[in-house]
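Peer 1: Take this structure first; my questions come after.
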Amino acid sequence: QVQFVESGGGWVQPGRSLYLSCTGSGSISSIYAMGWYRQAPGKQRELVGFIIPGGSGNYADSVKGRFTISRDNAKNTVSLQMNSLKPEDSAVYYCNRYPVPFTSWGQGTQVTVSS
């Protein structure tokens, strides 16, 4: 299976933007759908959205219109552009295969949205 390393998180004020990146240890070109997930303290991990090759992303209602997923198979990367961030977007963000994630997850990247 492919291992993932997420980066780009940090602290931002509400309304601002962040760009997250995820790099696979191997080729992701054979993975049909790649997803971004997040987990807030005390909550279960949830799907943020996913992308298929040559297609646009599909998003959870809570982020639709604000978040955009892209992938670059040549660079083994999947990205998440997050705009108009809200405090409820605060969580650790992960990437993994969708809909059946690999059993091994990366360390994730923390996103904190607060004033």
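Quick note: the coordinates plus some simple rules give every number you see, no bench work behind them. Everything numeric in this text was worked out from a predicted model, so none of it was measured. All Cβ positions, even for glycine, are placed from backbone atoms using ideal geometry, and neighbour counts span all protein chains on display.
Peer 1: More than 21 Å from S17 (Cβ to Cβ) and either acidic (D, E) or in contact with a strand residue (DSSP E or B) (Cβ under 6 Å, 6 or more places away or on another chain) (or both) - does that describe any residue in the range 81-89?
Peer 2: no
Peer 1: Within the range 4-25, is there a residue that is closer than 16 Å to V100 by Cβ, in a loop (DSSP other than H, G, I, E, B) and in contact with a strand residue (DSSP E or B) (Cβ under 9 Å, 6 or more places away or on another chain)?
Peer 2: no
Peer 1: For the range 36-68, name all the residues that are over 18 Å from V100 (Cβ atoms), aliphatic (A, V, I, L, M) and in a strand (DSSP E or B).
Peer 2: Residues satisfying the conditions do not exist here.
Peer 1: Would you pick out the residues in the range 25-47 that are farther than 24 Å from V113 by Cβ and surrounded by 23 or more Cβ atoms within 10 Å (Cβ to Cβ)?
Peer 2: The answer is I28, and nothing else.
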